[in-house]
1. In the range 68-117, how many residues are assigned to a strand (DSSP E or B) and not aliphatic (A, V, I, L, M)?
2. In the range 47-57, what residues are in contact (Cβ under 8 Å) with a residue 24 or more places away in the chain and over 12 Å from residue 141 (Cβ atoms)?
3. Please find, within the range 80-110, the residue that is surrounded by the fewest Cβ atoms within 10 Å (Cβ to Cβ) out of those that are touching a residue at least 40 places away in the same chain (Cβ under 8 Å) and of a type in the set (Ser, Thr, Tyr).
4. State yes or no: is residue 153 crowded, with 19+ Cβ neighbours inside 10 Å and hydrophobic (A, V, I, L, M, F, W, C)?
5. Quick test of your reading of the structure: residue 156 fulfils all but one of (1) touching a Gly at 6+ places or on another chain (Cβ under 8 Å); (2) closer than 18 Å to residue 39 by Cα. Name the failing condition by number.
6. Among the residues of the range 7-50, which ones are outside any helix (DSSP H, G or I) and either of a type in the set (Asp, Glu) or at pLDDT below 75 (or both)?
7. Check whether at least one residue in the range 33-40 is touching a Ser or Thr at 6+ places or on another chain (Cβ under 9 Å) and either in contact (Cβ under 8 Å) with a residue 12 or more places away in the chain or on the phi > 0 side of the Ramachandran plot (or both), and report yes or no.
8. Give the residue that is farthest from the chain's Cα centre (by Cα), with candidates limited to residues of the range 130-170 that are among the small types (Gly, Ala, Ser) and assigned to a strand (DSSP E or B).
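The values are calculated or read from the model by the stated rules, or taken from the named source; none is laboratory data. The structure displayed is predicted, hence computed values, not measured ones. Cβ sites come from the backbone with ideal geometry, for glycine too, and all protein chains shown count toward neighbours.
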Amino acid sequence: MNRRTMILMGTLSLIAFPSSYVFGEDEHKKQQALIKAIGSAKVTLQQGLAAAEAQGQPISGKFEVEDGKLQLSVYTSKDGKFSEVVVDYATGKVAKSAAITEGDDLADAKSQSAAMTKAKTALKAAVDKVLGQSPGFRAISVTPDLKDGRPVASVVLLKGKEFKTVQSSLE
């Protein structure tokens, strides 16, 4: 199946089926909670990435609803160690930082760090570029990955109730 067919099938599935069917009920509930809560955020994802730089190189960032509360979480890497930095979404200041030492979070951080070691573009710049091409959208998350050995950032955007993901090269 070629790329165009895959994109068309993905688009058709989003049109033909409700998001709760495509994403699963739990993911749909998380999305709905995020849509409801994101309006209270005065800080952008890019500002959160910039604030977290004091703790290390940002290797991913996202708005999420954790225990019923909105949170802006940025993973950072410094001297081979990883941290989750929570940025206050109202003030843009670092609220807390915790070491990432185990489990899926550590595996994700290692993978994201590996992608960022090959990147020539910072995540903030990648988000800025994507937003420049997507008027009216707000960046919700950015995650780097390696695609065919090349670093790319997946930027999730939100406009009203519409989510979309845009890939941006980090080279």
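1. Taking the range 68-117 first, the residues assigned to a strand (DSSP E or B) are 69-78, 81-87, 94-100.
If we keep only those that are not aliphatic (A, V, I, L, M) as well, we get 69, 71, 73, 75-78, 81-84, 96-97.
Of the residues in the range 68-117, 13 are assigned to a strand (DSSP E or B) and not aliphatic (A, V, I, L, M).
2. Going through the range 47-57, the residues in contact (Cβ under 8 Å) with a residue 24 or more places away in the chain turn out to be 47-52, 54-57.
Across the range 47-57, the qualifying residues are 47, 50, 51, 52, 54, 55, 56, 57.
3. Within the range 80-110, the subset touching a residue at least 40 places away in the same chain (Cβ under 8 Å) is 87-94, 97, 108-109.
With of a type in the set (Ser, Thr, Tyr) added as a condition, the list becomes 89, 91, 97.
Working: 89: 22, 91: 12, 97: 16.
My answer is 91.
4. Details: crowded, with 19+ Cβ neighbours inside 10 Å: yes; hydrophobic (A, V, I, L, M, F, W, C): yes.
Taking the combined requirement at face value, the residue satisfies it.
5. Residue 156 satisfies every listed condition except (1).
6. We begin by selecting, within the range 7-50, every residue outside any helix (DSSP H, G or I); these are 17-18, 24, 41-44.
If the condition is that a residue be outside any helix (DSSP H, G or I) and either of a type in the set (Asp, Glu) or at pLDDT below 75 (or both), then 17, 18, 24 are the ones that fit.
7. Residues of the range 33-40 touching a Ser or Thr at 6+ places or on another chain (Cβ under 9 Å): none.
Checked against the condition, which is being touching a Ser or Thr at 6+ places or on another chain (Cβ under 9 Å) and either in contact (Cβ under 8 Å) with a residue 12 or more places away in the chain or on the phi > 0 side of the Ramachandran plot (or both), the range 33-40 yields no hits at all.
8. Just the residues of the range 130-170 that are among the small types (Gly, Ala, Ser), to begin with: 132, 134, 136, 139, 141, 149, 153-154, 160, 168-169.
If we keep only those that are assigned to a strand (DSSP E or B) as well, we get 139, 141, 153-154, 168-169.
Details: 139: 8, 141: 2, 153: 9, 154: 7, 168: 12, 169: 15 Å.
Across the range 130-170, the extreme among qualifying residues is 169.
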